[in-house]
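See below for the structure under consideration.
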Amino acid sequence: MKKQVFVSGIGTGIGKTFCSAMLVKLWQADYWKPIQSGDLDMTDSMTIRSLVDNDITIFPERYRLKTAASPHESAQIDGVEISLNDFQLPYSQNSLVVEGAGGLYVPINEDEFIIDLIEHLKLPAVLVIQDYLGCINHSVLSIKALESKNITVDTVVFNGPFSTATERIIRRHIPAEVACINIPWFHK
């Protein structure tokens, strides 16, 4: 079955790229990172290529921004203007994993955020979370934000070890039909 998902997280540096690699490998999917801000010498697309040994297509980023900052700031520094209309889902005969930048409310311009890009691309979301002080708040807010935009939550990935009390509260706020998976700690 062909799947298309948008991988986002409750913040930056919580393992979206490694979770994306896991899904690419599991589904023999292609990969697309629409916006890369900074780290142009070792982009997330390059990391995916190094982690996945099968023959997949990695679509080029729509934006490759030089400064490691939120896309709206990085684009301003580069003299570029980002608009939702700039993004079109690449055609793939395979499943497709699309990876966002940071969390849902990372700005791509002065008025629009990653969550708006997910809505624009009409994709269900995979939400990556990890256990840290504040993650319950960030997780529940992220789930509620996706629901408020009528974006289907396809899967929630619990990345790394979780306190039983923390995981229990978060799971209570995940719709029953949403798949939840626990994986060992991966970051990037």
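Inside the range 129-188, can you point out the residues that are among the polar types (S, T, N, Q) and within 20 Å of residue 13 (Cα to Cα)? Break it down stepwise before answering.
So the first thing to find is which residues in the range 129-188 are among the polar types (S, T, N, Q), and the list is 130, 137, 139, 142, 148, 150, 152, 155, 159, 163-164, 166, 182.
Answer for the range 129-188, where residues must be among the polar types (S, T, N, Q) and within 20 Å of residue 13 (Cα to Cα): 130, 137, 139, 142, 155, 159, 163, 166, 182.
Only one residue in 148, 163, 139 is in contact with an Asp or Glu (Cβ under 9 Å, 6 or more places away or on another chain) and modelled with pLDDT of 95 or more. Which one? I'd like the intermediate steps shown before the answer.
Details: 148 fails: in contact with an Asp or Glu (Cβ under 9 Å, 6 or more places away or on another chain); 139 fails: in contact with an Asp or Glu (Cβ under 9 Å, 6 or more places away or on another chain).
Every option except 163 fails the conditions.
I need the full set of residues from the range 57-90 which are part of a loop (DSSP other than H, G, I, E, B) and either open to solvent by 50 Å² or more (accessible area, probe 1.4 Å) or over 20 Å from residue 103 (Cβ atoms) (or both), in order please.
Start the filter on the range 57-90 by keeping residues that are part of a loop (DSSP other than H, G, I, E, B), which leaves 57, 60-62, 66-70, 79-83, 87-90.
Listed by number, the residues that qualify are 57, 60, 62, 66, 68, 79, 80, 81, 83, 88, 89, 90.
Please pick out the residue among 109, 150 that is outside any helix (DSSP H, G or I), without any contact (Cβ under 8 Å) to a residue 40 or more places away in the chain and under 22 Å from residue 39 (Cβ atoms). Before you say what the answer is, go through the steps one by one.
Numbers: 150 fails: under 22 Å from residue 39 (Cβ atoms).
Within the list 109, 150, the selection yields 109.
Quick check on this structure: which one of 126, 156 is without any contact (Cβ under 8 Å) to a residue 40 or more places away in the chain and surrounded by 12 or more Cβ atoms within 10 Å (Cβ to Cβ)?
Working: 126 fails: without any contact (Cβ under 8 Å) to a residue 40 or more places away in the chain.
After ruling out the rest, the residue left standing is 156.
Residues in the range 127-137: is at least one touching a strand residue (DSSP E or B) at 6+ places or on another chain (Cβ under 8 Å) and within 20 Å of residue 3 (Cα to Cα)?
Within the range 127-137, one or more residues are touching a strand residue (DSSP E or B) at 6+ places or on another chain (Cβ under 8 Å) and within 20 Å of residue 3 (Cα to Cα).
Listed here are the residues, each with its yes/no results for (1) farther than 18 Å from residue 19 by Cβ; (2) among the acidic types (Asp, Glu); (3) touching a Cys at 6+ places or on another chain (Cβ under 6 Å).
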{"position": "35", "(1), (2), (3)": "no, no, no"}
{"position": "44", "(1), (2), (3)": "no, yes, no"}
{"position": "47", "(1), (2), (3)": "no, no, no"}
{"position": "52", "(1), (2), (3)": "no, no, no"}
{"position": "61", "(1), (2), (3)": "yes, yes, no"}
{"position": "67", "(1), (2), (3)": "yes, no, no"}
{"position": "80", "(1), (2), (3)": "yes, no, no"}
{"position": "88", "(1), (2), (3)": "yes, no, no"}
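The values are calculated or read from the model by the stated rules, or taken from the named source; none is laboratory data. If you're wondering where the values come from, they're calculated on a predicted model, not measured in any experiment. Methodologically, a virtual Cβ is constructed for each residue, glycine included, from the backbone with ideal geometry; neighbour enumeration extends over all protein chains shown. To get the accessible areas, we keep the full protein, side chains included, count just its heavy atoms, and leave off ligands, DNA and RNA. Shrake-Rupley method; radii C 1.70, N 1.55, O 1.52, S 1.80 Å.
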